[in-house]
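S.K.: One structure follows; several queries about it will come next.
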Amino acid sequence: MTQYILSIDQGTTSSRAILFDTQGRQIGTAQQELKLYYPHNGWVEQNPEDIWKDTQFVCRGVLQQNNIHPSHIAAIGITNQRETTVVWDRVTGQPVYNAIVWQDRRTADFCQDLKDKWHEANVQKKTGLLLDPYFSATKIKWILDNVPGAREKAKQGALAFGTIDCFLLWRLTNGKVHATDATNASRTLIYNITEQQWDDELLDLFDIPRNMLPEVKDNSGLFGTTAKDFLGVEVPVTGMAGDQQAALFGQACFAPGIVKSTYGTGCFVLAHTGDKPVFSKNRMLATVAYRLNGKTSYAIEGSIFSAGSAIQWLRDGLGIIKSASETEALAQSLTNNDGVYMVPAFTGLGAPYWSPHARGALLGLTRSTTAAHIVRAGLEAQAYQTQDLLHAMAQDAGSPIAEIRVDGGMVKNNWVCQFLADITSRPILRPAITETTALGAAYLAGLHMKAFASLDDIQKTWQCERRFEMLMPEPVRQDLYTGWQHAVQQVLT
Ligand code: ADP
């Protein structure tokens with residue numbers, strides 16, 4: 001009987017279910033857009049009931065579309081938008097407030113207050129993260145402080161906290177299991193990534209009762225079994241990881257020096273750093289890459305806020321292209337950038353600059369500048385920003401970066417991949433399956449079910465579709481990158 005693995009990929013803007021066979025081949029996909037709510041300036045929320053409803057809908061949908069009976073599903077893997085916070089009542093299973101999304105900035109003042117009191121160094125030493133509203137802890141505190149009666153109930157042990165993976169697992173098991181995995185826990189700001197446990201000192205700092213917290217499990221293992229009313233049969237959930245870590249796993253980055261870089265709306269670069277966390281001196285994040293059989297591997301992470309969103313702006317804001325796919329030929333039509341640079345700091349600059357007030361710029365314009373130059377500048381910026389992160393990572397990690405495995409919507413663009421290889425002076429590997437996040441969750445689930453015997457076995461399954469090598473002469477590369485560094489300086493405030 002053919003067996004399949006069902007990956008649930010619950011993202012910020014959509015929920016998806018992707019079906020893989022036990023060789024890691026993609027069989028089908030179903031997707032549902034997810035609504036975001038912006039109740040105040042800087043607040044971003046989602047309805048957890050929508051997330052649950054959509055998850056059920058896409059899981060059932062992908063099976064129906066592909067005519068596969070649920071009894072053929074060997075296991076489920078879950079991957080999810082990270083940090084987004086849900087607090088629910090343990091008895092009724094009802095959330096006490098909307099999900100507060102990772103992008104939400106409502107706790108910025110509280111974070112600044114803690115920074116002013118010199119807490120950041122200790123927080124970074126324990127969690128690998130920085131004091132920022134991005135992470136879960138201050139969102140949990142906000143719910144306890146602002147939802148009437150919530151703190152009292154939490155003290156009595158009546159409330160549960162979870163990131164989206166954990167909330168889905170609770171619902172999938174009909175409230176039987178309250179658990180998360182080490183990667184999702186590592187994004188909460190209350191989890192000690194070296195000791196691999198919730199940290200009492202940080203729980204005090206953020207005023208969060210320990211009894212709200214889920215059990216933290218390895219990324220591959222039995223998390224629980226879905227209740228019968230989900231698919232009509234009970235299916236084990238055997239893999240779980242936050243989206244960027246799942247992508248790292250899906251790209252088979254299992255050794256120090258291998259980097260995965262995702263170019264979607266934003267860009268996330270994760271480098272495997274081995275079995276010890278590397279605490280950054282360059283404001284990058286240390287995080288759990290995966291934990292298998294109790295053994296933790298770590299990663300260093302940097303994020304760029306605007307990657308594909310710069311291309312969306314060229315299309316929707318400037319109107320100089322009709323679709324993203326036109327950019328490849330336009331960039332190709334020029335032999336060089338003629339000194340035109342775009343700094344896509346539309347919402348500030350992320351790592352390694354962390355300049356929230358910086359704004360975007362186009363530089364080097366002359367009367368011979370054309371739309372092609374501006375498009376090319378938007379694409380080039382992704383490579384320069386990647387090189388900025390790699391430079392900071394190499395300084396922190398101390399080990400050379402061997403190769404970069406790329407994914408996300410932008411890497412369909414061959415010109416982008418080649419320019420990345422040129423500017424980073426490293427091989428760029430584009431995989432055959434670019435749904436790496438869902439694939440990572442499937443690999444994790446399949447590892448426990450023995451569909452894959454080992455990481456080596458997964459490594460063999462992973463296939464490179466195309467490899468891009470550096471072709472640009474070094475002096476040209478240096479000139480271009482110097483031009484970018486000069487451009488960035490103009491927007492830093
Ligand atoms: P997300 O998962 O963040 O929604 P995707 O991984 O689906 O994003 O990537 C979509 C992004 O990729 C969009 O911002 C789009 O502008 C960009 N994109 C898609 N195709 C191309 C292309 N051929 N060249 C450059 N950018 C592209």
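S.K.: Karplus couplings for the range 478-493 from phi (6.51 cos²θ - 1.76 cosθ + 1.60, θ = phi - 60°), rounded to Hz, Gly and Pro as x?
M.R.: 5, 4, 4, 5, 4, x, 5, 4, 5, 5, 4, 4, 5, 9, 5, 10
S.K.: A further question on this structure: May I ask which of Lys155/Lys276; Lys139/Lys176; Lys53/Lys176; Lys176/Lys260 have a Cα-Cα span longer than 28 Å here? Present the calculation step by step, with values, prior to reporting the outcome.
M.R.: Details: Lys155/Lys276 35 Å; Lys139/Lys176 25 Å; Lys53/Lys176 19 Å; Lys176/Lys260 35 Å.
Checking Cα-Cα distances, Lys155/Lys276; Lys176/Lys260 exceed 28 Å.
S.K.: Show me, bin by bin at 5 Å from 0, the whole-percent P(r) of the range 46-179 based on Cα pairs.
M.R.: Distribution as computed: 2, 9, 17, 18, 17, 14, 10, 6, 4, 2, 1, 0 percent.
S.K.: When only alpha-carbon atoms are used, what values of Rg and Dmax, in angstrom, describe the range 205-364?
M.R.: Spelled out, the Cα radius of gyration and Dmax of the range 205-364 are 20.9, 62 Å.
S.K.: Now a separate question. Which lysines, on any chain, are close to Lys450 with Cα under 16 Å apart, when same-chain ones fewer than 8 places away are left out?
M.R.: Output for Lys450: Lys460.
S.K.: Another question, then. To the nearest 10 degrees, how steeply does helix 137-146 sit against the main Cα axis of the chain, on a 0 to 90 scale?
M.R.: Orientation of helix 137-146: about 60 degrees from the principal axis.
S.K.: Still on this model: Please express the Cα-Cα pair-distance distribution P(r) of the range 276-408 as a list of whole percents, one per 5 Å bin, running from 0 to the bin with the greatest distance.
M.R.: Bins of 5 Å from zero give 2, 9, 17, 18, 17, 13, 10, 7, 4, 2, 1, 0, 0 percent of pairs.
S.K.: Excluding same-chain residues fewer than 8 positions from Lys115, which aspartates and glutamates have a Cα within less than 14 Å of its Cα?
M.R.: Result set, ordered by chain and number: Asp132.
S.K.: Also, I was wondering about something else. Among DSSP bridges having both ends in the chain, what percentage is antiparallel? Round to the nearest 5.
M.R.: The antiparallel proportion sits near 70 percent.
S.K.: Report ³J(HN,Hα) in whole Hz for each residue of the range 159-170, in order, from the Karplus equation J = 6.51 cos²θ - 1.76 cosθ + 1.60 where θ = phi - 60°; Gly and Pro get x.
M.R.: Per-residue couplings from phi come out as 10, 10, 10, x, 6, 4, 3, 5, 5, 5, 4, 4 Hz.
S.K.: Please report the Cα spread of the range 358-429 along all three principal axes, rounded to whole Å, starting with the longest.
M.R.: Result for the range 358-429: principal-axis Cα extents of 45, 28, 19 Å.
S.K.: To continue, here is another question. Cα extents of the range 130-260 along the three principal axes, largest first, in whole Å?
M.R.: Cα extents, longest axis first: 43, 43, 22 Å.
S.K.: What value does the range 380-493 have for Rg/Rh, both radii from Cα atoms and Rh as Kirkwood defines it?
M.R.: Result: Rg/Rh = 1.06.
S.K.: Taking the Cα-to-Cβ direction at Gln197 and at Leu334 and moving 7 Å from each Cα, how far apart do the two end points lie in nm?
M.R.: It works out to 5.7 nm between the two label points.
S.K.: In addition: I need the Kirkwood Rh of the range 236-298: take the reciprocal of the average 1/r across all distinct C-alpha pairs and report it in angstrom.
M.R.: That comes to 12.4 Å for the range 236-298.
S.K.: Further, regarding this structure: With runs of 4+ DSSP H residues as the only contributors, calculate the mean residue ellipticity of the chain at 222 nm using -39,500 (n - 2.57) per run, divided by the residue total and rounded to the nearest 500.
M.R.: Helix-only estimate at 222 nm: -10000 deg cm²/dmol.
S.K.: Multiply the residue separation of Ser355 and Lys117 by 0.36 nm, subtract the distance between their alpha-carbon atoms, and state the gained length in nm to one decimal.
M.R.: 83.6 nm
S.K.: Give me Rg/Rg_expected for the range 38-116, where Rg uses Cα atoms only and Rg_expected = 2.2 N^0.38 Å with N residues.
M.R.: In units of the globular-protein estimate, the range 38-116 measures up at 1.51.
S.K.: Which aspartates and glutamates have a Cα lying under 12 Å from the Cα of Lys153, excluding residues fewer than 8 positions away in the same chain?
M.R.: Correct list for Lys153: Asp89, Asp145.
S.K.: So what are the radius of gyration and Dmax for the Cα set of the chain, in Å?
M.R.: For the chain, the Cα-based Rg and Dmax read 22.2, 69 Å.
We did not get these values from a lab; they are worked out from the coordinates using the rules stated. Since we're looking at a predicted model, the values are computed, not measured. Heads up, the Cβs are rebuilt from the backbone with ideal geometry, glycines too, and the neighbour counts pull from every protein chain shown.
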